[in-house]
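Report on the following structure.
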Amino acid sequence: MDYTSLFKNNGGKKSKVGIIGATRGYGYTLLAQIPKVELMELRLISSRHTDECVEVLTGLGYRKEDIIICGNKEQVQSAPGHGVLIVNDYRLVLESDITALVECTGNTAVSSEVSADALKKGINVYMVSKETDSVCGPILNNIAEKHGTVYSLVNGDQPRNLLDLYSWGKVLGLEIIAAGKASEYDFVWDPDTDEFTYMEGPEKPHENIPGLKEFWHYEGPGTLEGRRKLLEKYMAVISADLCEMNLVSNVTGLVPSDRRLNYPVAKISELADIFIPEEDGGILKKTGVVDVFCNLRAPDEASFAGGEFIIIRCENETVWELLTSKGHVVSRNGKYACIYLPYHYMGLETPISILLGDILGLGTHSECRQVSVMTGVAQKDMPKGTVLKVQGHHHSIEGLVPELWELKDAGNAAPFYLLNGTTLLEDVKAGQPITKNVVDLSGSLPYELYNEGLKL
């Protein structure tokens, strides 16, 4: 796609961006990129830490005299048209003149409220908080469609990048067998020294694992089992991974490959032999699924960088013989191929999503439905009175293992990210999902929006 031509006749439009919850990590990468984008300007940041916002902005080159701290509605509405507003109450964001709201708090209560209100008020919403979209995505897409606004996931995070790749394949008429991503951190093994490193870097876990030599070259599903046994202590079902696949499932209609996904330890070159039906030598019990793998590589090999892939069926033997000769990743039996994007560049990519929405009106998925539900299953017996809290880098809940269920099988299971801050009203046995009757979800706006989405 030629983006320069796409935005050439923009009618003088320019995105005026407001961001909620963005000074570190993802948010910092977006703040750093916005000044470089000609058709965009940063208009507002909402954060409880206004001093930190000023420090970050001045560090990025914004002039301190152009930064305006506003404490109420009147100050926001009377602020000069230039400069960057900082507010410590997210409700004040909607009193400004922004055209684009980027929501990245990760707080479902805050993000669902402000996003629904923004869409109804004519402000486009670009959702970074995947936790919120996993629960409220269907209804937020619906609200946007009804009010002529845009609700969009963002490039730079795996769900939107994978949806773009999936849509590209569908437009081309490719039969997509599976779609997925790499988990966040590579498994790196040095064939010369036997040293294994997880989450690269000298301060990260590493040890000598000579046994990996036997399973370094892929010989079939038995290779995957051998790798898993050797690396078992590094394996995990990660909440963020399942949440991201939940988002993709709800837009595409693809279903989870397994309730905990498969997580094979695999090299990029092996993906077209792995994510294929069992009868063809792969691991899939059904097709049309989402899944995740752990990238295995040598230290001198390029990372998949948490990127995205689709597995397609090779329908014309002559075409795929030619493409195989060009070096593309094709299964040994010649029936399947893997097409992949080995990146997700966080906020560096996100301006594209905002421009597509603000200038061209692209982004809303009116077809989005609750196809899958991410649930939490007790890892051990949990007594009445246990407080459930989302925390940590992977936004997990202590004592629960996440699972991704098809809606038709979810029954009374409560969505994972509605559980934050709730208390168990009765004992829950190990292996049981947290259901809606064992927590009090009354008064929860995200829960109300989730139920509205189920009616679509």
Just subtract the alpha-carbon distance of GLU301 and HIS147 from 0.36 nm times their residue separation and send over the number in nm, one decimal. 50.6 nm
The range 353-426: trypsin sites (Lys or Arg not before Pro) in DSSP coil with no more than 15 other Cβ atoms inside 10 Å: LYS380, LYS384, LYS389
Taking a threshold of 30 Å on the Cα-Cα distance, which of the pairs LYS8/LYS335; LYS130/LYS170; LYS121/LYS181; LYS14/LYS130 fall above it? LYS8/LYS335; LYS121/LYS181
Sites matching chymotrypsin sites (Phe, Trp or Tyr not before Pro) across the range 196-291 that sit in DSSP coil, with at most 16 neighbouring C-beta atoms within 10 Å: TRP216
Using the crude model of +1 on Lys and Arg Cβ and -1 on Asp and Glu Cβ, and no other charge, please compute the dipole size for the range 85-227 relative to its Cα centre, in debye to 20. 880
For SER5 paired with GLU203, estimate the spin-label separation in nm (one decimal), with each label point 7 Å from Cα along the Cα-to-Cβ line. 4.8
Using only the Cα atoms of the range 67-213, build the gyration tensor, take square roots of its eigenvalues as a ≥ b ≥ c, and label the shape rounded, prolate or oblate: rounded if a/c is under 1.5, else prolate if a/b is larger than b/c, else oblate. oblate
Given a Förster distance of 35 angstrom, what is the FRET efficiency for GLU219 paired with GLU38, based on the Cβ-Cβ distance and rounded to 0.05? 0.10
Step through the residues of the range 204-220 one at a time and calculate ³J(HN,Hα) from phi using the Karplus curve (6.51 cos²θ - 1.76 cosθ + 1.60, θ = phi - 60°), rounding each to whole Hz and writing x for Gly and Pro. 8, x, 8, 6, 7, 10, x, x, 5, 4, 5, 10, 5, 9, 6, 10, x
Of the convex hull enclosing the alpha-carbon atoms of the chain, the direction-averaged projected area in nm² is 23.7
Once amide hydrogens are built 1.01 Å from N within the peptide plane, the residues lying 5 or more places from ASN262 or on another chain with amide H under 5 Å from its amide H are VAL292
By DSSP, what percent of the beta bridges with both residues in the chain are antiparallel, rounded to the nearest 5? 45
Apply the a/c threshold of 1.5 to the C-alpha gyration tensor of the range 202-287 and tell me whether it is rounded, prolate or oblate. oblate
Simple label model, 7 Å out from Cα along Cβ direction - THR318 to GLU452, nm: 5.5
Using 1/(1 + (r/R0)^6) with R0 = 25 angstrom and r between the beta carbons of TYR345 and ALA236, what's the FRET efficiency to the nearest 0.05? 0.50
Normalising by the residue count of the chain, find the relative contact order in percent from Cα pairs under 8 Å and 6+ residues apart. 17
³J(HN,Hα) across the range 51-63 via Karplus (A = 6.51, B = -1.76, C = 1.60, θ = phi - 60°), whole Hz, x for Gly/Pro? 4, 5, 4, 4, 4, 5, 5, 5, x, 8, x, 6, 6
Rounded, prolate or oblate: which fits the range 394-444 when a ≥ b ≥ c are the square roots of the eigenvalues of the alpha-carbon gyration tensor, with rounded for a/c under 1.5 and prolate only if a/b beats b/c? rounded
A 30 angstrom limit on the alpha carbon distance is what I want to check against. Which of LYS204/LYS429; LYS36/LYS267; LYS73/LYS146 exceed it? LYS204/LYS429; LYS36/LYS267
Roughly speaking, what is the stretch gain from LEU445 to GLU74, that is 0.36 nm per residue apart minus the C-alpha to C-alpha distance, in nm to one decimal? 130.8 nm
Two-site FRET efficiency, LYS64 against TRP168, from Cβ-Cβ distance with R₀ of 41 Å, rounded to 0.05: 0.40
Given H placed 1.01 Å from N in the peptide plane, which residues other than close sequence neighbours of SER372 have an amide H under 5 Å from its amide H? ASN250, LEU407
Give the long-range amide H neighbours of ALA178: residues separated by 5 or more places, or on another chain, with amide H under 5 Å away, using H modelled in the peptide plane at 1.01 Å from N. GLY288, VAL289, ILE311
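Give the peptides 173-179, 124-130 in descending order of average Cβ contacts within 10 Å, highest first.
Ranked by mean Cβ neighbours within 10 Å, highest first: 124-130, 173-179.
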Under 8 Å for C-alpha pairs, at least 6 residues apart: give me the relative contact order for the range 158-343, rounded to a whole percent. 30
Pull out the extension gain between ASN333 and ARG48, defined as 0.36 nm times the separation in residues minus the alpha carbon to alpha carbon distance; nm, one decimal. 97.0 nm
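Taken together, the values in this text are just the output of simple stated rules run on the coordinates, not laboratory data. Nothing here was measured: the structure is a model prediction, and the numbers come from that model. Heads up, the Cβs are rebuilt from the backbone with ideal geometry, glycines too, and the neighbour counts pull from every protein chain shown.
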